[in-house]
Protein chains: 2
Amino acid sequence: MTPLVKKYFLKLPQASDDDKTPDLERVLAGLRREGLDVESAPVSVIRKISSALRDNNFEVTATVRLSEKPELIGVESGGRPDNFGIAVDLGTTNIVCSLVDLNSGSPAGIPVSDTNPQTAIGEDILARIHHCLNPGGLDELRLAAVGCINALTEKLAAGAGISAGDMPCACISGNTTMAHLFLGLDPYNICRAPYVPAANRFGDFKARDAGLNIMPEAPVIVLPNVGSYVGGDVLAGILASGMADREGISILVDVGTNAEIIVGNRDWLVACAGAAGPALEGGVVSSGMRAAPGAIDRITIDKNYKPSFSVIGDVPPAGMCGSALIDLLSELFRTGLIDGRGKFIPGRTERVVGTESGPAYRVADSIFFTEKDIENLIRTKAAMYTALTVIISEIGITFDDIESFFVAGTFGEYIAADKAVSIGMLPDIPLEKFRLLGNSSLKGAVMAILDLEAIQRIEKISSMITYKELNASAEFMSLYRAAMFLPHTDASLFPNAYKLWL
Amino acid sequence: MTPLVKKYFLKLPQASDDDKTPDLERVLAGLRREGLDVESAPVSVIRKISSALRDNNFEVTATVRLSEKPELIGVESGGRPDNFGIAVDLGTTNIVCSLVDLNSGSPAGIPVSDTNPQTAIGEDILARIHHCLNPGGLDELRLAAVGCINALTEKLAAGAGISAGDMPCACISGNTTMAHLFLGLDPYNICRAPYVPAANRFGDFKARDAGLNIMPEAPVIVLPNVGSYVGGDVLAGILASGMADREGISILVDVGTNAEIIVGNRDWLVACAGAAGPALEGGVVSSGMRAAPGAIDRITIDKNYKPSFSVIGDVPPAGMCGSALIDLLSELFRTGLIDGRGKFIPGRTERVVGTESGPAYRVADSIFFTEKDIENLIRTKAAMYTALTVIISEIGITFDDIESFFVAGTFGEYIAADKAVSIGMLPDIPLEKFRLLGNSSLKGAVMAILDLEAIQRIEKISSMITYKELNASAEFMSLYRAAMFLPHTDASLFPNAYKLWL
C-alpha cells in the first residue's frame, strides 16, 4: 500500500564552493536518490527551506505527497519520523476524527467526536442550506465545522504527544451537503430541482485554504459525491465494506441522520436514501445521545420489568445511543409493556410513569423512553424496512439472494442485529449474514489516507452507482404503513423474530 | 504558439431532470467538447461556478491554463473575450510592466514603469539583503514590489479599458535577488559564500498567494535563475535575442543596475556579470533619470557648444536617460570640451559652469553634466569594455569572431551604438553587427506568456550556461585602468572611433 504522504529523512551534503546547488534543488536531489522525481515545491515550502537546511547541518525531513507527480509539501530541520494523518467523518449531527499512522499503515488510538456545531446554526440539512442565503451564512457554517475539526485534531495530537502542525494530510468524508459546506461551496441547488451539486469531484484543497491547523500545504482530500443524494460518506462505506469487490450480492445500510441503502456486487451498485430520520442518532428521541462516554449502549429488561444496561466509559449514564434504543424497543415489546403499535399497556409496572410528554418507561433517573420516542423509532424502523423491501423488489431480487448485510453508522458497531430484526427494522435473514461495520464513513476516510489506490477505487465505485428515488411512490406509502407495527403487520415476514428473544 | 492561458466561451445545456450533471462537471464537459481534458478545478473556482452558470443562462467564459495537464482557473458568467496577461521586468532600480494580448499573441500598448519602491528601503541589492535580517524586513520589501506591480497593472488596465481582476496570468523577470524578494524567499545566502540561492526554479505561484490583484488563481510565472549571479532577466534576454538558436557567435550585453554579458551560440553559452554599476540607469549621475517622459534621450552639441536634444514625450526635459549620457560624453569629447581623461578644458565656452560639485556642462535649466558624472560614466564604460575583453579572451575568441552584438537594457532601445563605440564602451566592430534589443528582460517575460514553449526554451538555455567570475583577477584591474580613457589608452583598438563622429 502506498500512503498519501511519506516523510523522508535526508542527510544532505553541505553547500560549498564546489557544490553551489541551491537549497531547494539540493533537497530535490536528495529525494531523487530515494527514487522520487519531484519537480519543484510550493513557494511557501521554499520559504522555509534555507533555514531548515542550516538549522541542523543539512539534515532535514522532507514530506512528500505521493502520486504520479509527487509533491514536496514540507521541509523541516532534523529527523521528524512521526507521520500521522487525520481522517474525518463529517456527519450532519456528529463529527468524528481519527489519527491515522501513515508509517504503520493503521488507525492510531481511539477516535474522538463531538456534536457538529453547525446544528446550533441549523438543526438539519435544509435549515443549513437556507442559512446560506444570509450574507456570510455559508462561511459561518464552514468555519463552525472547521473549528470543530481543529479542536478534535488538537485533542488527538495532544493525546498522542505530537504536534498538529506536523500532520501532513487529512481526508474528509461527508454527505454531499456537508462536503459543500466544508469546502465553502454554495449548497443551494442541492435541495432545489433539478437537485445538482456544485461539483461531484473537488480539486486539490490545501490545509491552509481549508483553514485546518495541520501542515499548511497538507492535502485535504474531500471524498467525491455521486450526486445530491449519495455523498462521499456512502462511497467510503462501500469501500470499507468491500462489497464492490465481491461476486455475491450485499446490502449496506448506513444509518446516520439519514439512512442510505446500497445493494450490489462487483458488477453493479444501486443506491437509495431512505427517509429514516435522525431518531437513532440522538437529538430526536428525548433521552437519545451520541455513542459517546455516558451513553447507554445495551439494555435488557428482566421479568420484574427492571432494566439492566451497560454504559460507554466509566461514567454514570447520561442518555441512550441508537443501539440501546433498538434494544429497549425490542425488550419493551418482548416483555409485554407495549403493544404492536408501540403503546404502553397500562398497569403492568410502576416503571411506566406519566411524564409531561405522556407515558414513559423509566430507564434510570431522568432517562425516560416516552411513547413519542417509541413512535419516532417505529417510524424510523418502518421507513428502513420499507426502503429495503422496495429497493430489492425494484432490482428484482429477494432477501434470500443477499449474501452479506452490512450495517454501518456511528452506532453501527454497537447495534445488535438480532434486536434490530426482532423489531422489524432489518429483514429476517440468517443472523450470520449481518456484519457490523461501525463508522464506515470514517473507515473509508482512513483507507483513503493509507492507500493511494483507495481513491481510485472510490472513483470506480462512484462510476458504478445508479441512484433510485424511493419515497415518491404510492406503493411505498402503503408498505410503510404496513411496517408501522412490531415486528410487522405481516408476521410471516418475520418467522424468526420471536425466537430472537429467547 | 500556445499561450499560457486561453479563455473559452461556453454555451452549456441547462441543468434539468434529464441532465443532473453537477455545475463543475458541466463546465468540464463543455471544455472537453473544445478538446480540453481538465480534471477538476481549485476550490476557489468551484465556489463561484454555480452563480456564474445561473447568472447568464448557462453561458460562461472558462479560463484555462494550458499545459500537459490543463487547469481551470476561472469561470465567469457571459462572454469575456478580453485576455490580457501582464509581463513584468522586475529590475533592481526600475519596474516595467507591459500588457500582453493573449488573443492576438502580441504585447498591447506602451509599457509603463516606475522606480522600484524597494530603493527607498535599500538603495542597492546588498542593502536590501541586509534589510531582510530585520524582523518583517523581507515581507516589507516583497510588498513594496508587489504594490508597485499592482499599481502599474491598474494603470495599464485603466488605459486599456479592462479590469485587472480579469487578467489570467503574469510573468516576472528579474535577477536572482529580485526574484527571491518577490517570492518572499530569504536572499541571505545569495551574498554569502558559497553564494547559493534558496532555489533556481520556483514551483507554482498563484496571484492570490503572490498578492497580485489579478485573477486570484492566475499563474504567476517567476522566470528561473541559473545561480546567484545569473537571474531570470538574463535568461529572458537570451531568449529574446534568439542567440541560443544561432550557429554564429553572439554577444549580449544587458546594461541595467549591473551589466551582464553573455557570449555563445546554440551549442554553448558563457555568462559573466560585469561591475558596470548603475551609472546608466539614472540615480548615480546627477541629472540622470529613467527612460520615461521628460527624459532627454539623444543629444548633439553644435560648433558653438550649444546642445540640441530630443525629449521622450511631449513635456519639458527633466533629466537624461542612459542613451543621452553616452551621446553627451561622446559629444563633449568630440567638440574638445573635455580631454581623454574626462576633465573639462577651461575657457572654451560659458556653457561649462561651476557648480557645487565642480565644473559641469549645462544642458538645460537645472540639467547639468558634472565632471563627477563623467567620471562615473567613464568607470562604467571602462568596466564594460574590460569585461567584454576578458570574457572573449578567456573563451579564446576575438571581437572579429562575433556575428551579432545585442545591446539590451531599459535604455537599450534608445542607445546609439556608434556613440557607445566612440567612447570606447562597446568594441569597434562593424556597426551593422549591433542589434538594439531594448528591454530584453521584459521581452522575454512577454514571450513566456505568449508561448508555452518559451519556458522550455528558457530551461534549456539555463542548462547550457557556464558562469565565469571576472572581477577578481589582477589582469582585469590593469585592463580596466587602461580603459579609463576616451576612447581608450590604446587608440589602435578603436580605429573607427573618430570616423563615427563625422
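The values are calculated or read from the model by the stated rules, or taken from the named source; none is laboratory data. Fair warning: this is a prediction, and the values are worked out from it, not measured in the lab. We place every Cβ from the backbone using ideal geometry, glycine too, and count neighbours over all the protein chains shown.
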*So, in the stretch A:153-194, of the ones that are among the acidic types (Asp, Glu) and more than 14 Å from every other protein chain (Cβ to nearest Cβ), which residue ends up nearest to the chain's Cα centre (by Cα)?*
A:Glu154
*Please go through the stretch B:302-318 and pick out each residue that is in contact with a strand residue (DSSP E or B) (Cβ under 9 Å, 6 or more places away or on another chain) and hydrophobic (A, V, I, L, M, F, W, C).*
B:Phe309, B:Val311, B:Ile312, B:Ala318
*What about A:Thr115, is it away from every other protein chain (no Cβ under 14 Å), at pLDDT below 95 and surrounded by 17 or more Cβ atoms within 10 Å (Cβ to Cβ)?*
yes
*Among the residues of the stretch A:197-211, how many are of a type in the set (D, E, K, R), at the interface with chain B (Cβ under 9 Å from one of its Cβ atoms) and assigned to a helix (DSSP H, G or I)?*
1
*Report yes if B:Ile378 is within 30 Å of B:Gly248 (Cβ to Cβ) and out of contact with any Leu (no Cβ under 6 Å at 6 or more places or on another chain), otherwise no.*
no
*Go through A:Ser323, A:Ser393 for me and flag whichever is assigned by TED's automatic domain parsing to the domain that holds A:Leu426 and polar (S, T, N, Q).*
A:Ser393
*Can we say A:Lys6 is farther than 15 Å from B:Pro197 by Cβ, touching a residue at least 24 places away in the same chain (Cβ under 8 Å) and exposed (fewer than 15 other Cβ atoms within 10 Å of the Cβ)?*
no
*So B:Asp17 fits all but one of (1) within 14 Å of another protein chain (Cβ to nearest Cβ); (2) at pLDDT 95 or above; (3) out of contact with any helix residue (DSSP H, G or I) (no Cβ under 6 Å at 6 or more places or on another chain); what number is the exception?*
(2)
_Suppose the filter is buried (at least 21 other Cβ atoms within 10 Å of the Cβ), more than 14 Å from chain A (Cβ to nearest Cβ), in contact with a Ser or Thr (Cβ under 8 Å, 6 or more places away or on another chain) and not acidic (Asp, Glu); does B:Gly91 pass it?_
yes
*Among residues belonging to the stretch A:238-256 that are farther than 23 Å from A:Arg379 by Cβ and not aliphatic (A, V, I, L, M), point out the one that is surrounded by the most Cβ atoms within 10 Å (Cβ to Cβ).*
A:Ser241
*Criterion violated by A:Gly74 - all others in (1) within 12 Å of chain B (Cβ to nearest Cβ); (2) in contact with a helix residue (DSSP H, G or I) (Cβ under 8 Å, 6 or more places away or on another chain); (3) crowded, with 20+ Cβ neighbours inside 10 Å; (4) of a type outside the set (D, E, K, R) satisfied*: (1)
*Being touching a strand residue (DSSP E or B) at 6+ places or on another chain (Cβ under 8 Å) and modelled with pLDDT of 95 or more narrows it down to one of A:Ile149, A:Ile129, A:Ile121, so name that one.*
A:Ile149
*Across the stretch B:158-180, what is the number of residues that are part of a loop (DSSP other than H, G, I, E, B) and over 17 Å from B:Ser98 (Cβ atoms)?*
2
*asked:* I need the full set of residues from the stretch A:224-235 which are more than 9 Å from every other protein chain (Cβ to nearest Cβ) and under 19 Å from A:Val263 (Cα atoms), in order please.
replied: A:Val226, A:Tyr229, A:Val230, A:Gly231, A:Gly232, A:Asp233, A:Val234, A:Leu235
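Let's see how each residue does on (1) touching a Leu at 6+ places or on another chain (Cβ under 7 Å); (2) more than 18 Å from B:Arg80 (Cβ to Cβ); (3) in contact (Cβ under 8 Å) with a residue 40 or more places away in the chain:
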residue: B:Leu143; (1), (2), (3): no, yes, yes
residue: B:Cys148; (1), (2), (3): no, yes, yes
residue: B:Ala158; (1), (2), (3): no, no, no
residue: B:Gly161; (1), (2), (3): no, no, no
residue: B:Asp166; (1), (2), (3): no, no, yes
residue: B:Gly174; (1), (2), (3): yes, yes, yes
residue: B:His180; (1), (2), (3): no, yes, no
*If A:Thr335 satisfies every condition in (1) surrounded by 15 or more Cβ atoms within 10 Å (Cβ to Cβ); (2) in contact (Cβ under 8 Å) with a residue 40 or more places away in the chain but one, which is the exception?*
(2)
*Please determine, by comparing only the residues of the stretch A:29-47 that are at the interface with chain B (Cβ under 9 Å from one of its Cβ atoms) and of a type outside the set (Asp, Glu), which one is farthest from A:Arg208 (Cα to Cα).*
A:Ser40
_Let me confirm something: among A:Ile214, A:Ile262, A:Ile221, which residue is closer than 16 Å to A:Ile449 by Cα, touching a residue at least 12 places away in the same chain (Cβ under 8 Å), more than 10 Å from chain B (Cβ to nearest Cβ) and not in a loop (DSSP other than H, G, I, E, B)?_
A:Ile221
_Could you go through the stretch B:52-67 and let me know if any residue there is assigned to a helix (DSSP H, G or I), within 9 Å of chain A (Cβ to nearest Cβ), modelled with pLDDT of 95 or more and out of contact with any strand residue (DSSP E or B) (no Cβ under 7 Å at 6 or more places or on another chain)._
yes
*Look through A:Val38, A:Val75, A:Val88 and report the one residue that is within 26 Å of B:Leu183 (Cα to Cα), modelled with pLDDT of 95 or more and in a strand (DSSP E or B).*
A:Val75
*Starting from residues that are out of contact with any strand residue (DSSP E or B) (no Cβ under 7 Å at 6 or more places or on another chain) and within 21 Å of B:Leu102 (Cα to Cα), keep the ones in the stretch B:33-51 and report whichever is surrounded by the fewest Cβ atoms within 10 Å (Cβ to Cβ).*
B:Gly35
_Taking the criterion of being surrounded by fewer than 21 Cβ atoms within 10 Å (Cβ to Cβ) and assigned to a helix (DSSP H, G or I), would at least one residue in the stretch A:181-188 satisfy it?_
yes
